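> Please find one structure pasted underneath; my questions will follow.
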Amino acid sequence: MSEPVYGRETPVNLRSQRLRRAAGSNQGDADPVEVDAADADTDTAAGPPPADPYGVGQEALAAATQPAPAPAAAVPGLFDEAAPAATAEQARSGWRGRVNAAMGLHLRATPTERDAATSERARRAAIQSSPPGVVVIASPKGGAGKTPTALMLAAAFGSHRRGVVAWDGCESPGTLADRAALRQPGGIADVLVSAGLASGQAAAAELAAYLTAQPAGHEVLGTALDGSQDPIAVGADECAAVMAVLRRHRDLMVVDTGNNTYAPAWRWAVGHADQLVVPVPLRVDAAKAAYWMLHRLRAEGYEETAAAARVLLVAVPGADGALEQRIAEQLAAAGATRFSRVPYDSLLAAGGRIAFGQTTAATQAAFTDLAARVAGDLAGRASGSVLTGRAPAGGYSSSDGEFPRIVTEGDAW
């Protein structure tokens, strides 16, 4: 009798899964083919298998289609007690909080401090209850802050929940791994040659060997710039294979992208995004790049993705409120409806390694707020993409066939 094997996850029911076709592929406009359990063994039902150059297996590339179970109704516990009144809350910040911590006193928080504490609890709860999803950081402008945004957003999520991975979806070697707080032992090339990691029988520890756990609780997967790892050109096939591996044991992906909006890796990432985050430093050139990108997405069939995109306005030295307002108005004209702000932080601007805990308190609070809002954005979507099988929206075309023009006023807009 063979010994039982422990530490393995439940085998995946492959008959209940499907692979959706990426938008813009050369496979035509036909709808994805769903395989019914009764026809799973017939060639005519499944059609020709899609490409799988890395051998991770079609069952790993497929996305589950079962709807997520409805949350169970809350059951009252025994001896439940009402929460204490807000007016009795002990101060934990400000000078009152410092005195309480130092002397063991119980000074009450002021109304402003209570409101701040309530908001912090609400943000933390939103992050902790965030559904699975793929968050893509995108902008065609180099130096717009995509990599710092990806690392800081992943860190804000990782500080309050597990299963968060930031990975580099750039077609050329990106700087995600180089700017992470801790150096990673493996990279994307190592994951791609280990197709067995996508198997339902692969243990979580096998995947963890290729990822780098960061101090904030998230993990990073990228490509080394110093030549210590095998070079790899990341395209659509590579992105699909990496996702097939990661989603076995992680459920929230933050994807950093490159600047080339025509690159297969960029189009794969945007086509599989549950939430798009567009960092826009308060500069005219960065705002124009974001403006054209959103319009291009709408014209190419990603109207839903563009409409739900969250614009992250990043403060820069010398920027004034009038420019910020003008940028927001122009991006709103491009269909953007969700805006967040983060302050300027010299650590992020310096180009070195990024540790969440070493940024200013204002920066940490801003990215925590961003994470909570992105969690709300994910919760507002009906389903996920790669993780749960949602196909991208399509069919939009501008009425006059041309992109709207940006109004130019002198040397500014």
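The values are calculated or read from the model by the stated rules, or taken from the named source; none is laboratory data. These figures come from a predicted structure and were not determined experimentally. So basically every Cβ, Gly included, is an ideal-geometry build from the backbone, and we count neighbours across all protein chains shown.
> Name the residues in segment 142-168 that are crowded, with 21+ Cβ neighbours inside 10 Å and either in contact with a Lys or Arg (Cβ under 8 Å, 6 or more places away or on another chain) or not assigned by TED's automatic domain parsing to the domain that holds Thr359 (or both), would you?
Passing the criteria: Thr147, Pro148, Leu151, His160, Val164, Val165.
> Please work out if Ala322 is within 19 Å of Gln275 (Cα to Cα), without any contact (Cβ under 8 Å) to a residue 40 or more places away in the chain and surrounded by fewer than 19 Cβ atoms within 10 Å (Cβ to Cβ).
no
> Would you confirm, using the coordinates I've provided, whether Val280 is over 24 Å from Asp190 (Cα atoms) and crowded, with 24+ Cβ neighbours inside 10 Å?
The answer is yes for Val280.
> Are any residues in segment 261-277 buried (at least 19 other Cβ atoms within 10 Å of the Cβ) and not in a strand (DSSP E or B), and if so, which ones?
Ala263, Pro264, Ala265, Trp266, Arg267, Trp268, Ala269, Val270, Gly271, His272, Ala273, Asp274
> Are any of the residues in segment 356-371 in a loop (DSSP other than H, G, I, E, B), surrounded by 14 or more Cβ atoms within 10 Å (Cβ to Cβ) and either modelled with pLDDT of 90 or more or among the acidic types (Asp, Glu) (or both)?
Yes, segment 356-371 has at least one match.
> Shifting gears a bit: Kindly establish whether Ser159 is of a type in the set (Ser, Thr, Tyr) and closer than 21 Å to Ala208 by Cα.
Answer is yes for this residue.
> If you take the residues of segment 209-233 that are among the small types (Gly, Ala, Ser) and at pLDDT below 75, which of them is surrounded by the most Cβ atoms within 10 Å (Cβ to Cβ)?
Only one residue fits best here, namely Ala224.
> Give, as residue ranges, the helices (runs of 4 or more DSSP H) completely inside segment 124-217 that count at least 2 residues that are over 13 Å from the mean Cα position of the chain (by Cα).
Result: 176-179, 188-192, 204-208.
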